[in-house]
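Engineer: Mind having a look at this structure? Questions to follow.
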Ligand code: SF4
Ligand code: SF4
């Protein structure tokens, strides 16, 4: 190795160090939003609405006029058991069982969901399932407090539950307002 390339290497190293330190210094002075969790879990905790905590079924509401016109009842789930989400899931987190049922009036056959198995413990929260659904039937909530001692309790059957929101007040709406630049320490 020549002296020139030796000193050139040192100069390159110093330049890289300078770039790294510049980023460090910039981030050091950038206002932070730090949550003192779990101390503030019932007071000032903010969790972004778009945070992916767990998958839930969406249910028919008054706004779903088209579905209601087709005979859906408010509170019904929207899943048609088409299995697109199951196919889109990279790691087999979703398992759908269904059967065909014939409408006695029209004679037309329709798929009917028997079980929507979702293993929260396997989920990577990639959202490919939600993106693949053409019926707006599933969504992620930011309900992140899902720790359990028994892993089998993470196996959920979304068609059998009526999800009513998380354990924390207003969490689904993001909880407390996001405060940038403050250390969110208010305790319960
Ligand atoms: S959640 Fe959506 S994609 Fe999955 S089976 Fe139901 S309708 Fe199909
Ligand atoms: S978020 Fe990803 S890993 Fe989880 S169920 Fe959906 S597709 Fe599967």
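Nothing in this text is a laboratory measurement; each read-out follows from the coordinates by a stated rule. Here the structure is a predicted model, which is why all the values come from computation and not from measurement. When we count neighbours, we look across all protein chains shown, and the Cβ atoms used for this are built from the backbone with ideal geometry, even at glycine.
Engineer: Would you be able to tell me the number of residues in the stretch 120-141 that are more than 9 Å from the chain's Cα centre (by Cα), surrounded by fewer than 17 Cβ atoms within 10 Å (Cβ to Cβ) and either closer than 15 Å to residue 96 by Cα or in contact (Cβ under 8 Å) with a residue 60 or more places away in the chain (or both)?
Structural biologist: Here the count works out to 2.
Engineer: A further question follows. All but one of (1) over 23 Å from residue 51 (Cβ atoms); (2) surrounded by 15 or more Cβ atoms within 10 Å (Cβ to Cβ); (3) more than 13 Å from ligand 1 (Cβ to nearest atom) hold for residue 92; which doesn't?
Structural biologist: (2) is the only condition that residue 92 fails.
Engineer: From the list 14, 55, which one is in contact (Cβ under 8 Å) with a residue 12 or more places away in the chain and either within 27 Å of residue 124 (Cβ to Cβ) or surrounded by fewer than 11 Cβ atoms within 10 Å (Cβ to Cβ) (or both)? Talk me through it step by step, then tell me what you get.
Structural biologist: Numbers: 14 fails: in contact (Cβ under 8 Å) with a residue 12 or more places away in the chain.
So the residue among 14, 55 that is in contact (Cβ under 8 Å) with a residue 12 or more places away in the chain and either within 27 Å of residue 124 (Cβ to Cβ) or surrounded by fewer than 11 Cβ atoms within 10 Å (Cβ to Cβ) (or both) is 55.
Engineer: Are there any strands (runs of 3 or more DSSP E) wholly within the stretch 109-168 with 3 or more residues that are within 14 Å of ligand 1 (Cβ to nearest atom), and if so which?
Structural biologist: 109-119, 138-141
Engineer: Please go through the stretch 83-98 and pick out each residue that is more than 9 Å from ligand 2 (Cβ to nearest atom) and either in contact with a helix residue (DSSP H, G or I) (Cβ under 9 Å, 6 or more places away or on another chain) or within 17 Å of residue 127 (Cα to Cα) (or both).
Structural biologist: Of the residues in the stretch 83-98, the ones more than 9 Å from ligand 2 (Cβ to nearest atom) are 83-84, 87, 95-98.
Within the stretch 83-98, 83, 84, 87, 95, 96 meet the criteria.
Engineer: Further question on the same structure: Inside the stretch 1-102, counting only strands (runs of 3 or more DSSP E) that do not spill past its ends, which hold 3 or more residues that are under 30 Å from residue 162 (Cα atoms)?
Structural biologist: Filter on the stretch 1-102 gives 54-57, 94-102.
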